[in-house]
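Student: Supplied in structure tokens, the structure appears directly below.
The values are calculated or read from the model by the stated rules, or taken from the named source; none is laboratory data. In this text the structure is predicted, and so the values were computed from the model without any measurement. Ideal geometry is used to build each Cβ from the backbone, glycine not excepted, and the neighbour counts take in all protein chains shown. These area figures cover heavy atoms from the full protein model, side chains too; ligands, DNA and RNA do not enter into them. Shrake-Rupley method; radii C 1.70, N 1.55, O 1.52, S 1.80 Å.
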Amino acid sequence: QVQLVESGGGLVQPGDSLRLSCAFSGSMFSVYAMAWYRQAPGKQRELVATITSSSSTNYADSVKGRFTISRDNAKKTMNLRMDNLKPEDTAVYYCSATWRERTYWGQGSQVTVSS
């Protein structure tokens with residue numbers, strides 16, 4: 001059974017940086033496509049960034065150039081480096097793992113960007 005645990009959220013000011021981590025427990029991490037999603041209050045969950053099993057990446061236009069997704073297969077972790085944070089980045093951030101049409105979710109980590 002796969003379990004995902006996010007960490008690294010918090011309260012920061014506009015322009016600050018933050019790094020989220022997603023710890024994967026289970027087997028065969030390297031075959032999973034991983035992703036970060038976020039959900040702001042009153043809004044639908046949206047895709048932020050993805051990284052495939054071969055480490056190809058893709059980003060939402062709203063975060064392109066500011067966020068960087070990465071994975072470490074040896075440590076079974078995925079990270080999201082967030083730079084130049086904006087108030088509109090405020091949301092609960094979720095990591096997901098997908099393989100063979102099955103998707104697992106973490107519990108979420110709150111990121112608040114406010115002055």
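Student: At a Cα cut-off below 25 Å, give the lysines reachable from Lys76, other chains included and same-chain residues fewer than 8 away excluded.
Tutor: Straight-distance partners of Lys76: Lys64.
Student: Another one. Ignoring any ligand, DNA or RNA, what whole percent of the accessible area of the chain comes from carbon and sulfur when the probe is 1.4 angstrom? Don't skip to the end; give the middle numbers.
Tutor: On the way: 2830 of 6260 Å².
Using a 1.4 Å probe with all protein chains present, the chain comes out at 45 percent carbon and sulfur.
Student: Have a look at Glu46, Glu88, Glu101 and tell me which one the Gaussian network model of the chain (Cα, springs below 10 Å) gives the largest fluctuation.
Tutor: Glu101
Student: A follow-up question, please. What is the Cα centroid distance between region 68-99 and region 5-50, reported in whole angstrom?
Tutor: When both Cα centres are located, 4 Å separates them.
Student: May I ask you to list the aspartates and glutamates whose Cα is less than 20 Å away from that of Lys75, ignoring any residue fewer than eight positions away on the same chain?
Tutor: Hits, sequence-local ones excluded: Glu6.
Student: Grab the eigenvalues of the alpha-carbon gyration tensor for the chain, scale each by 5, take roots, and send me the semi-axes largest first in whole angstrom. Show your work: numbers first, answer last.
Tutor: Numbers: eigenvalues 109, 38, 33 Å².
Equivalent-ellipsoid dimensions as semi-axes: 23, 14, 13 Å.
Student: Another question about this same structure. Can you list, largest first and rounded to whole Å, the semi-axes you get for region 36-102 by taking the square root of 5 times each eigenvalue of its Cα gyration tensor?
Tutor: 21, 15, 10
Student: If you don't mind, another one. Not counting the cut sites, what is the longest span of the chain without trypsin sites (Lys or Arg not before Pro) that DSSP labels loop and that have at most 10 other Cβ atoms within 10 Å?
Tutor: 1-42
Student: What number comes out for accessible area per residue over the chain if the probe is 1.4 Å? Units Å², please.
Tutor: Averaged over the residues of the chain, the accessible area is 54 Å².
Student: Let me ask something else about it. On a straight-distance basis, which aspartates and glutamates could pair with Lys86 in a cross-link, Cα separation under 18 angstrom, same-chain partners fewer than 8 positions away excluded?
Tutor: Filter leaves Asp16, Glu46, Asp61.
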